[in-house]
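Nothing in this text is a laboratory measurement; each read-out follows from the coordinates by a stated rule. This is a predicted model, so every value here is computed, not measured. So basically every Cβ, Gly included, is an ideal-geometry build from the backbone, and we count neighbours across all protein chains shown.
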Ligand SMILES: C[S@@+](CC[C@H](N)C(=O)[O-])C[C@H]1O[C@@H](n2cnc3c(N)ncnc32)[C@H](O)[C@@H]1O
């Protein structure tokens, strides 16, 4: 079998993170069982190494969308950042780095992570590795080595449209997704991903039963998709756009999850970016593990999940970027609600009311700005009955403003009024 040689290929697997701590829980209270869904902030090699003792061979599906070896520095849009036609409403801020001293350095980054994912996968599990022309050919050789060449299930080509500055070559408008199964027997639910036949095909078969050389497709049931997929990229005015660079469309992840996992399965994305896989997993009733090394990605994912109403816990290898509310911007209680002053509301991507217990913040209610909306999140949230009440604001700059001493409240809220329906965008 052909193998690839590069510097530091034989380096030992990275050591586990020294400390992985639960710092937040959303969608469950202190007396409830911990939600199985996990959002993890830290380097994914150290995180996967920590997870191995408890999760080796347990993950049903891994979707991996790592940096592509583009040698670019990706920036994200902050502010009301999704609408390209209104540049006055957004600014650019650091996103994530995809810059490497050499191809060897990139492969030395990717290889141990692929090996860790392979170990975490269940015997019937599947890996989808999403790359493009920069590194897909090298990754295929690495995956052949790790999984075995016979475990290549598909090479999926995701095609899309978009502007391009290229004038001396064809526009590069496809990504490559390499699909490997860990074993010979694997989950693949063809019926969950069927699509309608092309109307021309339907018309042809209706007109002549001899079309297709005697094979008559089940026109009602639809067909299993080909290995090339068209989904629009998340750009410009796409309704899912968070402002995070290289965000993938939910439709793409939905097809992957529907095909290669079942309800209740554990789906992992160790390069989660804006949290697309986690959001889709929650919607489809799968459990998820989502990790990223940058706080920007974790904040975007956190707020997206909060908005989706998925129960999950936040775990981190480093302390959260918390700071006190600036003078005059602290929240206050207007019984039966907690209100943010406009100076905090204007910079808020989202905010939540909750209760700390030890190092864990239990989020009891939250409001998140709707994608592509010029409106900030709701200005007030219901005052929970639990005490003390704390507030956290996630700012567009990636800070967390927190009321460390709790929000003063008086008098206690009447039970029935505190249950009044939340405004749009809040839960
Ligand atoms: C291509 S983006 C993923 C986009 C994501 N699929 C989405 O839909 O938003 C790659 C992500 O990998 C993250 N990343 C890069 N190196 C990492 C590492 N060592 N550990 C964890 N995450 C990492 C980056 O911060 C970035 O968010």
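Of all DSSP beta bridges confined to the stretch 21-316, the antiparallel ones make up roughly 55%.
Here the residues 210, 248, 9, ranked from fewest to most Cβ neighbours within 10 Å of their Cβ, fall in the order 210, 9, 248. Computed from Cα positions, the angle between helix 295-308 and the longest principal axis of the chain comes to roughly 80 degrees. Relative to the longest principal axis of the Cα atoms of the chain, the long axis of helix 250-260 makes an angle of roughly 60 degrees.
Fully extending the segment from residue 238 to residue 160 would add 26.8 nm, taking 0.36 nm per residue of separation and subtracting the current Cα-Cα distance. Cβ crowding within 10 Å, taken as a proxy for footprinting-reagent exposure, orders 353, 216, 157, 233 from fewest neighbours to most as 216, 157, 233, 353. In whole Å, what is the distance between the alpha-carbon centres of the stretch 175-194 and the stretch 258-313? When both Cα centres are located, 19 Å separates them. Estimated at 0.36 nm per residue, the fully extended path between residue 93 and residue 19 surpasses their Cα-Cα distance by 23.8 nm. Against the longest alpha carbon principal axis of the chain, how many degrees, from 0 to 90 and to the nearest 10, is the axis of helix 44-55 turned? Approximately 90 degrees, to the nearest 10. For the stretch 265-408, the antiparallel share of DSSP beta bridges with both residues in that region comes to about 75%. Computed log10 I(q)/I(0) for the chain at 0.07, 0.13 Å⁻¹: -0.38, -1.18, from the Debye equation with unit scatterers placed on every C-alpha and solvent omitted. Simple spin-label estimate for residue 8 and residue 215 gives 4.8 nm between the two label positions (7 Å along the Cα-to-Cβ direction from each Cα). Springs between Cα atoms under 10 Å define the GNM used for the chain, and in it the highest mean-square fluctuation of 125, 162, 275 occurs at 162. Given a cut-off of under 8 Å on Cα pairs at least six residues apart, what relative contact order in percent is computed for the chain? Reported relative contact order: 21 percent. The share of Cα pairs per 5 Å bin across the stretch 147-212, counted from zero up to the longest distance, runs 3, 11, 11, 13, 13, 14, 15, 13, 5, 1 percent.
Residues 349, 18, 97, arranged from fewest to most other Cβ atoms within 10 angstrom of their Cβ, appear as 18, 97, 349. Note on the stretch 274-386: Cα-Cα pairs beyond 18 Å make up 56% of the total pair count.
A simple spin-label model places the labels of residue 132 and residue 31 5.2 nm from each other, with each point 7 Å out along Cα-to-Cβ.
Modelled spin labels at residue 169 and residue 187, positioned 7 Å past Cα toward Cβ, are 3.7 nm from each other. Convex hull volume of the C-alpha atoms in the stretch 85-176, normalised per residue: 184 Å³. Protection proxy ranking for 319-330, 24-35, 296-307, using the average of other Cβ atoms within 10 Å per residue and placing the highest first: 296-307, 24-35, 319-330.
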